[in-house]
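K.L.:
This is the structure, below, for whatever I ask next.
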Amino acid sequence: MNDTFAALKRERTSQFDKLTKEVSKISTNQTNKSEDDRFWKPEVDKAGNGYAVIRFLPSPKGEDVPWVRIWNHGFQGPGGWYIENSLTTIGQQDPVAEYNSKLWNSGSDKDKEIARKQKRRLTYIANIYVVKDPASPANEGKVFLYKFGKKIFDKINEQMNPTFEDEKAVNPFDLWEGADFKMKIRQVEGYRNYDKSEFDKPAPLSDDDDHLEKIWNSEHSLSAFVAPDQFKSYEQLKARLDRVLGLTSAGAAAAAASRDEDDSRAADIPRGSVSEPSVGKSAKAAWEDDGEGDDNLAFFEKLAQDD
């Protein structure tokens, strides 16, 4: 790990090799704080279009990898919504993973479809520097945390592991030889789409190393998001799962009460709100918002609140 700025600059080639291995690991194998002002979120216009330029930053001081990944679940059962981080994130047994495994191995196509709807969702968190934010110019020149999904991470992977031999591998997290990320957002079939987003040509974020060091020192810890104390215990998650799915007699009674309450909450949502399209969608369609959208997540979290 890099404990000094000089080491960060000197060892960036070897760090790139380590990052490539991390990406390979992910290819082969939370905390959700909607009010956390450390997080940056791109804004879109009424048509659902948005544009910004950001720079992914290297590992924070004392940490080895410039991102963390968090697995979570979001689905609806007869007892309400289950919105929780998965213990599989930190290598522990998780009740939903166990239950889905039983469903998948039952041999029933119906059970497999249920398991698909309850599958894990992958979220990444990284530090970024906002180069250009037309919707909120006050964010420009500042360091934020950014939460994103698999589609954007795939674009990072493509930079680090190009497909064609005439393309040079680039470490997007490098302050000197990385590249700005031009975020282009469109609304496609009701969801935010990032397919047109792309990396610019490699270039230093700044020609002033003192400025770069200041940016690096402004980064936020990432390891804190995957610390064990950020996750509920197996027992707590199992109790919540039983209630949501009505897996026990007590859970079935609680499910009926919770379902009535969720129906009442859904009826209170004003027409035309950003959350409205989520009502009535299957859990699979709503939760698989390409891993990027948080509008649905905020609504789901409200539904998932315990009494």
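The values are calculated or read from the model by the stated rules, or taken from the named source; none is laboratory data. Quick caveat, the model's predicted, so the values are computed rather than measured. Because the Cβ atoms are built from the backbone with ideal geometry, glycine has one as well, and the counts that use them run over all protein chains shown.
K.L.:
Consider Gln159 carefully, then state whether it is more than 21 Å from Lys214 (Cα to Cα), buried (at least 17 other Cβ atoms within 10 Å of the Cβ) and at pLDDT below 95.
P.N.:
Spelling it out, it is not the case that Gln159 is more than 21 Å from Lys214 (Cα to Cα), buried (at least 17 other Cβ atoms within 10 Å of the Cβ) and at pLDDT below 95.
K.L.:
Same structure again: If you check Asp133, Asp207, Asp229, which single one turns out to be acidic (Asp, Glu) and closer than 20 Å to Ala52 by Cβ?
P.N.:
Going through Asp133, Asp207, Asp229 in turn, just one is acidic (Asp, Glu) and closer than 20 Å to Ala52 by Cβ: Asp133.
K.L.:
Right, another one. Answer yes or no as to whether Ile152 is surrounded by 13 or more Cβ atoms within 10 Å (Cβ to Cβ), closer than 24 Å to Glu11 by Cα, modelled with pLDDT of 95 or more and β-branched (Val, Ile, Thr).
P.N.:
no
K.L.:
Related question: For the condition surrounded by fewer than 18 Cβ atoms within 10 Å (Cβ to Cβ) and among the aromatic types (Phe, Trp, Tyr), what is the one hit in Trp104, Trp81, Trp71, Trp67?
P.N.:
Trp104
K.L.:
Of Ile83, Ile114, Ile156, Ile125, which residue is in a helix (DSSP H, G or I) and under 30 Å from Lys46 (Cβ atoms)?
P.N.:
Selected residue: Ile156, the only one of Ile83, Ile114, Ile156, Ile125 that is in a helix (DSSP H, G or I) and under 30 Å from Lys46 (Cβ atoms).
K.L.:
Contact list please: Cβ distance under 6 Å, first residue in segment 202-217 and within 13 Å of Lys61 (Cβ to Cβ), second residue part of a helix (DSSP H, G or I), pairs at least six apart or on different chains.
P.N.:
That search, which allows pairs on different chains as well, returns Glu213/Phe5.
K.L.:
What number goes with the only condition from (1) on the phi > 0 side of the Ramachandran plot; (2) modelled with pLDDT of 95 or more that Gly190 does not pass?
P.N.:
Here Gly190 meets the rest and fails (2).
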